[in-house]
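Asks: The structure under discussion is supplied below as structure tokens; questions concerning it will follow.
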Amino acid sequence: MNIFTQIKTFLLNKEHHTFWMWIYPVASIVLAFICGGLMLLLLDLNPISIYRTMLVMTFNDPYSIGEIFVKSIPLMLSALSFAFAFKAGLFNIGADGQFYMGALAAVIVSLKLSFLNPVAILLIAFVFSVIAGSLWSGISGYLKAKYNANEIIITIMLNYIAFQIVNFMVNGPIKEQIGAYPQTDPIPRHAHLPILLPRTRLHWGLLLGLLFVALFYVILMKTTLGFKIRAVGLNSNAAEYGGIHTKQVLIMTMLLTGIYAGVAGFIEINGVQHILIQGFAPNIGGEGTIIALLAYTNPIGIVIASIFFGFLKVGANIIQQTSKVPTDAITMIEGFVVIFVLISYYLQAQMMQRRSKRLIARQAHQKQGL
């Protein structure tokens, strides 16, 4: 049983989500900070002092607090993109590509339709980002349903194709008119998402992101489609036998999952960057995957974990500015979180196997007694 099968088996088994879904993530984070502290000691740095400075300076400044949420929004949507596909038993590793296609659509609309009023331009940019992200993820859904292609490989390949498309566009058709950098012209100010908190960069994209968190729950738990998605994720053969068209469900799931990443691209362009630069947001998808796994694909857990990762990013920048400590010294905590999350899934999968064996042995013993 490989790591992907172990993760799928555990996460789709609700019996183990009540207690362990909180204990293991917290333990993973605590152990990650301990290991990060040990690494800081090896660099002759005081981890307690650095952690205290990071915590105090981050939450003492309204701008820094706003930045935590700014950083967390694309991570949250990327994590939801992975989690939504996972409910159908699919591994969407292509959030990066879907994010880039959504961002590309947003910047093209914002630049080409700059003559429109703010509401119209934002609405159209949003719609086209949704379409771009959805269609890009839909490719892997179609190939999975039609040819049973491995969605992990397909989505990773589509990431690289999306990167190259964006690189081509910012070096050619939509390259800035004045200058030689691989980037677009800035989008007009009236195409920016309105600021939510004065004197910060926190924008209305936060509310849009939280709306999609609610939609995640409503679609999966309150609709017929959501029931079909969860049924296919639990047992596709049984779902097919029960009259569910699993291939249609797989395609629809991947179309919907790309919407989350596409919206993240729209929010990042119109809310934060206001310009599309080659390689402007690396590894959004990878971090989103880790956040989804850390949160056991629970939407509320994803919001909390995204804020935590946003805190790490802002804290790392503050520490670098105030203590001259490299940001890698803090961001390596993310790496330790990854390690301990994977270890926790392995341990929990082993616990499940041992529990199942004991149950089978007990039932066999009872039958022999009869």
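Asks: Check the stretch 201-223 and report whether any residue there is touching a residue at least 24 places away in the same chain (Cβ under 8 Å), touching a helix residue (DSSP H, G or I) at 6+ places or on another chain (Cβ under 9 Å), surrounded by fewer than 17 Cβ atoms within 10 Å (Cβ to Cβ) and outside any helix (DSSP H, G or I).
Replies: Yes, the stretch 201-223 contains at least one residue that is touching a residue at least 24 places away in the same chain (Cβ under 8 Å), touching a helix residue (DSSP H, G or I) at 6+ places or on another chain (Cβ under 9 Å), surrounded by fewer than 17 Cβ atoms within 10 Å (Cβ to Cβ) and outside any helix (DSSP H, G or I).
Asks: List, please: which pairs have Cβ atoms under 6 Å, are six or more places apart or on different chains, and start with a residue in the stretch 117-137 that is free of Cβ contacts under 8 Å to residues at least 40 places away in the same chain and within 15 Å of His192 (Cα to Cα) and end with one that is β-branched (Val, Ile, Thr) and buried (at least 23 other Cβ atoms within 10 Å of the Cβ)?
Replies: Ile124/Val109
Asks: From the list Ile174, Ile139, Ile124, pick out the single residue that is assigned to a loop (DSSP other than H, G, I, E, B) and touching a helix residue (DSSP H, G or I) at 6+ places or on another chain (Cβ under 7 Å). I'd like the intermediate steps shown before the answer.
Replies: Working: Ile139 fails: assigned to a loop (DSSP other than H, G, I, E, B); Ile124 fails: assigned to a loop (DSSP other than H, G, I, E, B).
Only one candidate passes the filter, namely Ile174.
Asks: What's the number of the condition Ile360 fails, among (1) within 27 Å of Leu202 (Cα to Cα); (2) among the β-branched types (Val, Ile, Thr); (3) surrounded by fewer than 16 Cβ atoms within 10 Å (Cβ to Cβ); (4) over 20 Å from the mean Cα position of the chain (by Cα)?
Replies: The failed condition is (1).
Asks: To continue, here is another question. Within the stretch 300-342, how many residues are hydroxyl-bearing (Ser, Thr, Tyr) and in contact with an Asp or Glu (Cβ under 7 Å, 6 or more places away or on another chain)?
Replies: Residues flagged as hydroxyl-bearing (Ser, Thr, Tyr) and in contact with an Asp or Glu (Cβ under 7 Å, 6 or more places away or on another chain) within the stretch 300-342 amount to 0.
Asks: Can you tell me how many residues in the stretch 29-74 are over 30 Å from Ile259 (Cα atoms) and either part of a helix (DSSP H, G or I) or under 27 Å from the mean Cα position of the chain (by Cα) (or both)?
Replies: Total meeting the criteria: 28.
Asks: While we're here: If I filter the stretch 279-312 down to residues being among the polar types (S, T, N, Q) and not in a helix (DSSP H, G or I), which single residue comes out as surrounded by the most Cβ atoms within 10 Å (Cβ to Cβ)?
Replies: Looking at the filtered set, the residue picked out is Thr297.
Asks: So how many residues does the stretch 313-337 have that are in a helix (DSSP H, G or I), of a type in the set (Val, Ile, Thr) and buried (at least 18 other Cβ atoms within 10 Å of the Cβ)?
Replies: We begin by selecting, within the stretch 313-337, every residue in a helix (DSSP H, G or I); these are 313-323, 328-337.
From what is left, the residues that are of a type in the set (Val, Ile, Thr) are 314, 318-319, 322, 330-331, 333, 337.
Those left that are additionally buried (at least 18 other Cβ atoms within 10 Å of the Cβ): 314, 318-319, 330, 333, 337.
Counting residues in the stretch 313-337 that are in a helix (DSSP H, G or I), of a type in the set (Val, Ile, Thr) and buried (at least 18 other Cβ atoms within 10 Å of the Cβ) gives 6.
Asks: Just to be sure I understand, how many residues within the stretch 306-330 are farther than 15 Å from Ile290 by Cα, at pLDDT 85 or above and of a type in the set (A, V, I, L, M)?
Replies: Selection size over the stretch 306-330: 4.
Asks: May I ask you to say which residue of Ala295, Ala264 is under 16 Å from Leu207 (Cβ atoms) and touching a helix residue (DSSP H, G or I) at 6+ places or on another chain (Cβ under 9 Å)?
Replies: On the way: Ala295 fails: under 16 Å from Leu207 (Cβ atoms).
Going through Ala295, Ala264 in turn, the sole match is Ala264.
Asks: A further question follows. Output the residues belonging to the stretch 46-86 that are at pLDDT 95 or above and among the charged types (D, E, K, R).
Replies: Glu67, Lys71
Asks: Separate question: Counting only residues that are of a type in the set (Phe, Trp, Tyr) and within 23 Å of the chain's Cα centre (by Cα), which one in the stretch 206-261 is nearest to Ile152 (Cα to Cα)?
Replies: Step one: of the stretch 206-261, the residues of a type in the set (Phe, Trp, Tyr) are 212, 216-217, 227, 241, 260.
Adding the requirement that they be within 23 Å of the chain's Cα centre (by Cα) leaves 212, 216-217, 227, 260.
Values: Phe212: 24, Phe216: 22, Tyr217: 24, Phe227: 24, Tyr260: 18 Å.
Step by step, filter the stretch 206-261, then rank; the result is Tyr260.
The values are calculated or read from the model by the stated rules, or taken from the named source; none is laboratory data. All figures in this text were calculated on a predicted structure; none of them were measured in a lab. Here Cβ is always computed from backbone atoms with ideal geometry, including for glycine, and neighbour counts include all displayed protein chains.
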